[in-house]
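Data block below; observations after.
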Amino acid sequence: MSTVEVLVASLITAVAMLGAVNVFASASRMTQNTAELSIGVSLARRVIEEAKGPGFPYLNDGTTITYYDRNGEGASTTKGSVHRFTVTRVVSSDKLQTSTTVTRPAGNALRTLTVTVRRIPDNAVMAQTGTYLCRGGI
């Protein structure tokens, strides 16, 4: 009779331990996802601010793709094995002005800046944001 009791007690303990391990694994995944979302939002903000830096007429239209590591650092234009995030920046202008050698946005152009941050392993969108740029900030 005592062998059966020990087996039943062992089974109950094993089921309880599996439940505890499952809860721990779920909490760990949630913490990782929250950290990655935070890094994604931080990258999106950083790229928006960096794009504003050169000034209205000097920000080139087009799409730029940059890769970052798991800490949101190590920016590179070529994808490597250490990269965890991809940031796509799209700049477009509704009016362009062409001189003899250079095409730039017109002084009264409305420029759209869109940033999308994706996690590379599953291509999930971590953050997406955008803004409008206009000359003089008006």
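Read-outs throughout are calculated quantities, based only on the coordinates presented, and are distinct from any laboratory measurement. Source: prediction; values computed, not measured. Please note: Cβ atoms are built from the backbone with ideal geometry, for glycine as well, and neighbour counts cover all protein chains shown.
The long axis of helix 2-52 is offset from the longest Cα principal axis of the chain by roughly 10 degrees.
I need to check one value: relative contact order of the chain, counting alpha carbon pairs closer than 8 Å and at least 6 residues apart, in percent.
The value is 21 percent.
To the nearest 500 deg cm²/dmol, what mean residue ellipticity at 222 nm is calculated for the chain from DSSP H runs of n ≥ 4 alone, each contributing -39,500 (n - 2.57), summed and divided by the residues? Write down the numbers at each step before the final one.
Numbers: 1 runs with 51 residues, N = 138.
Result for the chain, helices only: -14000 deg cm²/dmol.
The S2 and F24 beta-carbon pair, evaluated with R₀ = 41 Å, returns a calculated FRET efficiency of approximately 0.80.
Normalised by residue number, the volume inside the convex hull of the Cα atoms of the stretch 15-138 is 117 Å³ per residue.
With a simple spin-label model that places each label point 7 Å from the Cα along the Cα-to-Cβ direction, the separation between I12 and S76 comes to 5.5 nm.
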